[in-house]
Structure formats: structure tokens, C-alpha cells
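The structure appears below as C-alpha cells.
The values are calculated or read from the model by the stated rules, or taken from the named source; none is laboratory data. Please read all numbers here as calculations on a predicted model, not as lab measurements. Please note: Cβ atoms are built from the backbone with ideal geometry, for glycine as well, and neighbour counts cover all protein chains shown.
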Ligand SMILES: *Cc1c(COP(=O)(O)O)cnc(C)c1O
């Protein structure tokens, strides 16, 4: 495919014209720069606001004003059952059955709740295997769970790092470490797509390896959900959790999500912390003693649905449903491939792309590792109305998302980098901004 790409504005605009997902960008609000839409490459950090959000938010405010407590049953989307409206759409996005998914809480909270159930050390099986340099919240969650059970994190946590001189983790190293840990291993907990490098792991293979030594496999899908096609049920994953404000465009601090395989979700023997919203729904208002978990992932819920925090999720999942993950993925491969093709023409700047070059090993994100001046380049992009994401010490992350990014966006990004060549030959661009 890459052989047919062209580094020209005409080519990029032509691709936009034949892109069936192009009209979807009309459904989003773009930040402005010099009275124009920015070129937004930060959907991996905070997705854009769907235009429908403010209308749907108005509806909830109106229903509250009009109905007060009766809104639990009389609101347009009755609040009593509000969390159920997400199941169908989430199930399609992560490849699950309806009762294997639930929208609840936020990501780090869900990770803790699920580890309460799936990290229960006993009989010498107490270790957790994760990737080195995981997102800090995941590191803290795993560290404190281990401490909670009285273990030393230095002993109980096995971290898999890239080999000397490499940026990516060899999957073989993960599989070997699982085999080596054997019956000391309780849990494998890995980020499905690494937030820093954009590397996507073979979740099915890792799950099978974990199961073969009697351990559970759970994944943090913050950077995978809405980005990669997933088949969590088919892959026999034990549990997963994610946030909704990155690729899922559901707003800052938006409601998180969780997957629990039905073999656990429907098994009342699997311990879970109780709250009234996870209790058997038919019994919820009987105010009886004794927690009886409902069937499925919903039984991990604690509280009634935070409706205002779910409105944007509703708007966004509608867009995903209309576009479809398969169509999104098809464009994503081509769009990120185009960005990669363009970046390979940029030879005057000191960076390398550390994200895997194989499409099946990455989503839409590309991570550019600079040996110097990365921050200056980032500042120049900002000055040009291009929103990228800076990660210390020296990485620029960009995510051309298939829902609202265009081929022209990619070309404009490339054009800005090419301009830097001329500028740097004359004067320092840092002085401009
Ligand atoms: C974004 C992200 C988080 C953020 O957690 P919140 O609880 O939503 O604040 C956690 N882990 C990973 C891997 C992330 O990418």
C-alpha cells in the first residue's frame, strides 16, 4: 500500500474525498487557532467533543428540573437503568457479550476493583507480571495491591523491559517470563497498547500463556479501546478495563469501562466488593441483608450511574456505532501508514519512529523519539496550530484518528516539519513563537 502514497497536498485531498469516514469529522468540535480548526493529533490523550454532547446534556438538565426524583423512571434515558444503554455498543467495540461489559467509575478505580477479584495470592502463587515503564497509575495500582497482601513489590512484581538498546518489548520475552514464573504467577496485567511507544501486544497469545501456568490475564486498554479491533471474549481474556476520554471521546474524567469474562462474571464464587448497584437488580430495593451479585460485569458496580458523567459517552458511542470498528480500523491503517510514509521523507530532523512499523502491532499512534531539540519542534508545531502530545524526556506522540483526522492533516504536519528545515537554515524558529 505504501508504494502508492504521495507526499503532496493534492494527493492528500484526493484521499479525503474518497474517504467514506470523512463526513464524521463534522460531528466534532475543534479547538481554534487563528480562527481555524487546529490539526488535532491528540485523540490518544483527550478525544474531541462530539457536537451532540451539549444537546444531550441539556436534556438531562431539563429532565432533572422537570421530574426531580421521578427522572429515575421518567427521564428520556431513565437514570435507574442508564448504565444499561452502553452495553450493546461497548460489547461491539471490545468484542464481548453484552453482560461482559459495564460502563462504571474511572479506569484506575476499575483496575483496583478487578484486581481485588483477580489478584488473590495463595499457596505460593503471588506474582504479577507487567511491562516495565507502564503508565504510572498502573504501576501504583499494582504496587499497592501487592503491598496490601503483605508482599514486597521488588519480589512480587516481574517487569518486562525492552532488550538492551531497543525501544519495544519482544513478545517472546513476555511469554518466556510467564513460563519461568510458572506456578508463582498469579496475574499478568499489561497495557494492551503501550501509552509511550504505541506497541500493541498479542492479547490472545499472552492470555493463553498466562492460563497455561494457571494465572489470570487482565489488560489495561486505555490506549487500545476504540483504537484496535478487540475480541476479548474470544481471546478468553479474564478481565480488562479502560477509560473513555482518549479514543472514545467521552470527555475529561469521563466514565470508565470494564470487561469481565462471563465464566467469572456469572460465577458467584468469584469474590467482588459489593455495592447496591452490583446487587441482583430485582432485589435492589428490598433493602435486605446479604450481597447477591447480579450476573455479569455489572456486578462490579458500586453506585448508581453518574449520569452527567456519562452523557458524552452516549453521544460518542453512537458515533462509533455508526462508523463501525472494522471501517475505522481500515482507515486507521491507511491513515497512520500515510503519516509514517510522510515522516520517512523528513531527514533533516533528529528523530526516529519507535512505534512498530507493522500495522498489526500498532494502532493509530506514532511516537517520535528525538535525540535533541524535540521540545523546540513540538513548540513550533503548536505555533502552527498543530496539536501533538509531548512526553518527557523526548518523545512527540501523534495519533491520526480515523474518526476526525484527515489525510490533509497528515500532510500539514509533514509540511510544518519541512518548513523547519528552511527556518533553521536562516534563524532559530524558537524566537518566533
Ligand atoms: C490514561 C491512562 C490512565 C489514566 O487513568 P484514570 O484513572 O482514567 O485517570 C491509566 N492507565 C493507562 C495505561 C492510561 O493510558
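Only a single item in (1) touching a residue at least 40 places away in the same chain (Cβ under 8 Å); (2) surrounded by fewer than 24 Cβ atoms within 10 Å (Cβ to Cβ); (3) not in a loop (DSSP other than H, G, I, E, B) is not met by residue 229, and it is number (3). Within the stretch 201-225, the set of residues being away from the ligand (no atom under 16 Å from the Cβ) and closer than 16 Å to residue 363 by Cβ comprises just one member, 202.
Residues in the stretch 172-182: is at least one within 16 Å of the ligand (Cβ to nearest atom) and at pLDDT 95 or above? Checked the stretch 172-182: no residue is within 16 Å of the ligand (Cβ to nearest atom) and at pLDDT 95 or above.
Give the number of residues within the stretch 168-191 that are under 25 Å from the mean Cα position of the chain (by Cα) and in contact (Cβ under 8 Å) with a residue 12 or more places away in the chain.
Here is the first cut: in the stretch 168-191, the residues under 25 Å from the mean Cα position of the chain (by Cα) are 168-175, 178, 186-191.
Now restrict to residues that are in contact (Cβ under 8 Å) with a residue 12 or more places away in the chain: 168-169, 171, 173-175, 178, 186-191.
Here the count works out to 13.
Could you say which residue among 165, 214, 150, 218 is part of a loop (DSSP other than H, G, I, E, B) and in contact (Cβ under 8 Å) with a residue 60 or more places away in the chain? Can you show your working first?
On the way: 165 fails: in contact (Cβ under 8 Å) with a residue 60 or more places away in the chain; 150 fails: in contact (Cβ under 8 Å) with a residue 60 or more places away in the chain; 218 fails: part of a loop (DSSP other than H, G, I, E, B).
Among 165, 214, 150, 218, only 214 is part of a loop (DSSP other than H, G, I, E, B) and in contact (Cβ under 8 Å) with a residue 60 or more places away in the chain.
Consider the stretch 85-120 and keep the residues that are touching a helix residue (DSSP H, G or I) at 6+ places or on another chain (Cβ under 8 Å) and either outside the structural domain of residue 183 (by TED's automatic domain parsing) or part of a loop (DSSP other than H, G, I, E, B) (or both). The one that is nearest to the ligand (Cβ to nearest atom) is 105.
Here are some residues: 366, 335. Which one is within 19 Å of residue 396 (Cα to Cα) and in contact with a strand residue (DSSP E or B) (Cβ under 7 Å, 6 or more places away or on another chain)?
So the residue among 366, 335 that is within 19 Å of residue 396 (Cα to Cα) and in contact with a strand residue (DSSP E or B) (Cβ under 7 Å, 6 or more places away or on another chain) is 366.
Scan the stretch 236-251 for residues that are part of a loop (DSSP other than H, G, I, E, B) and within 23 Å of residue 264 (Cβ to Cβ) and the total you get is 5. Evaluated against (1) away from the ligand (no atom under 12 Å from the Cβ); (2) closer than 23 Å to residue 256 by Cα; (3) surrounded by 15 or more Cβ atoms within 10 Å (Cβ to Cβ), residue 151 falls short on exactly one condition, (2).
In the stretch 307-328 there is at least one residue matching the filter, namely being out of contact with any helix residue (DSSP H, G or I) (no Cβ under 7 Å at 6 or more places or on another chain), assigned to a loop (DSSP other than H, G, I, E, B) and modelled with pLDDT of 95 or more. At least 1 residues being surrounded by fewer than 18 Cβ atoms within 10 Å (Cβ to Cβ) is the threshold, and among the strands (runs of 3 or more DSSP E) wholly inside the stretch 330-409 those reaching it are 351-353, 389-391.
From the list 295, 263, 289, exactly one residue is closer than 30 Å to residue 60 by Cα and either part of a helix (DSSP H, G or I) or away from the ligand (no atom under 16 Å from the Cβ) (or both). Which is it? Of 295, 263, 289, the one residue that is closer than 30 Å to residue 60 by Cα and either part of a helix (DSSP H, G or I) or away from the ligand (no atom under 16 Å from the Cβ) (or both) is 295. Scanning the stretch 232-270 for residues that are closer than 28 Å to residue 180 by Cβ and either surrounded by fewer than 23 Cβ atoms within 10 Å (Cβ to Cβ) or assigned by TED's automatic domain parsing to the domain that holds residue 24 (or both) returns 234, 235, 236, 263, 264, 270.
Residue-by-condition table, conditions (1) more than 22 Å from the chain's Cα centre (by Cα); (2) surrounded by fewer than 21 Cβ atoms within 10 Å (Cβ to Cβ); (3) free of Cβ contacts under 8 Å to residues at least 40 places away in the same chain:
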| position | (1), (2), (3) |
| --- | --- |
| 112 | no, yes, yes |
| 119 | yes, no, no |
| 131 | no, no, no |
| 137 | no, yes, yes |
| 155 | yes, yes, yes |
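The residue pairs whose first member lies in the stretch 405-433 and is under 17 Å from residue 7 (Cα atoms), whose second member is at pLDDT below 95 and exposed (fewer than 15 other Cβ atoms within 10 Å of the Cβ), and whose beta carbons are closer than 6 Å, counting only pairs six or more residues apart or on different chains, are 421/348. Of all residues in the stretch 304-313, one or more are farther than 11 Å from residue 83 by Cβ, surrounded by 21 or more Cβ atoms within 10 Å (Cβ to Cβ) and assigned by TED's automatic domain parsing to the domain that holds residue 72. Residue 49 fulfils the conditions (1) away from the ligand (no atom under 16 Å from the Cβ); (2) under 30 Å from residue 271 (Cβ atoms); (3) in contact with a strand residue (DSSP E or B) (Cβ under 8 Å, 6 or more places away or on another chain) except for a single criterion, (2). Within the stretch 227-257, the set of residues being within 12 Å of the ligand (Cβ to nearest atom) and in contact with a strand residue (DSSP E or B) (Cβ under 6 Å, 6 or more places away or on another chain) comprises 240, 241, 242, 255, 257.
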